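Down below is the structure, laid out as structure tokens.
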């Protein structure tokens, strides 16, 4: 069996042969994510990376079919790709992962309560401290590059997992927010107070609570200032990217 030979030898030629033999699985899984605003070719490339990881990690002696083992590995790689694409300014991984967890909790609570849950209800349901819930959700609202208004595809359960994953097309206003030159220019256009708090939050990696203590203001005030600053950044970048803008 080819997998057993590769498991013993780790021969690169055998690895290539195995990847080629199972490439159709990667393409099939990639197509399930084809309506999320990314070119299918890019998604297939990500799926191939997941396939390669699955080939390297698969242990044929455990008696599990390779396709059974590889499918969650490939899908996980694709989902990580989309989650990473959501964040325009690089925020700590802890907050990204917490936001993802909380969005699942928000969806479940909304279905159970018949309305949007409060921050306190989210904190109570997840066991996450109130301040951490507030900060993670604020970060998610501020930095999501993709519209959360899009409906999932009918009959596609994979696409209906969560609000974060059932995303629509890219927001042109924020598409190139990662361009450092544009971002630096936009930051320079902000009033000093807003620029200071953005710098403390995303360059010094301080939490909203830490910023509030340092400046002697409430955390809610810090949150409002951050929202205002991010809205201004988005507007500035939008104007700069218009064809008639010098």
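Suppose a student asked you for the relative contact order of segment 2-85, using Cα pairs under 8 Å spaced at least 6 residues apart; what percent would you report? Please report the intermediate quantities before stating the final value.
Values: 78 pairs, mean separation 25.8, N = 84.
Relative CO of segment 2-85 lands at 31 percent.
Starting from the Cα-Cα distance between residue 80 and residue 31, subtract it from 0.36 nm times their residue separation and give me the gain in nm to one decimal. It would help to have the intermediate numbers written out before the result.
Values: separation 49, 0.36 × 49 = 17.64 nm, distance 1.58 nm.
Working it through step by step, the gained length comes to 16.1 nm.
Tell me the label-point distance for the pair residue 110, residue 56, using the 7 Å Cα-to-Cβ offset, in nm and rounded to one decimal.
3.8 nm
Mean projection of the alpha-carbon convex hull of segment 2-85 over all orientations, in nm²?
Working: hull surface 21.3 nm².
Projected area, direction-averaged: 5.3 nm².
Every read-out reported here was derived from the displayed coordinates using simple, explicitly stated rules and does not represent laboratory data. The structure presented is a predicted model; accordingly, all values stated were derived computationally and were not measured. Heads up, the Cβs are rebuilt from the backbone with ideal geometry, glycines too, and the neighbour counts pull from every protein chain shown.
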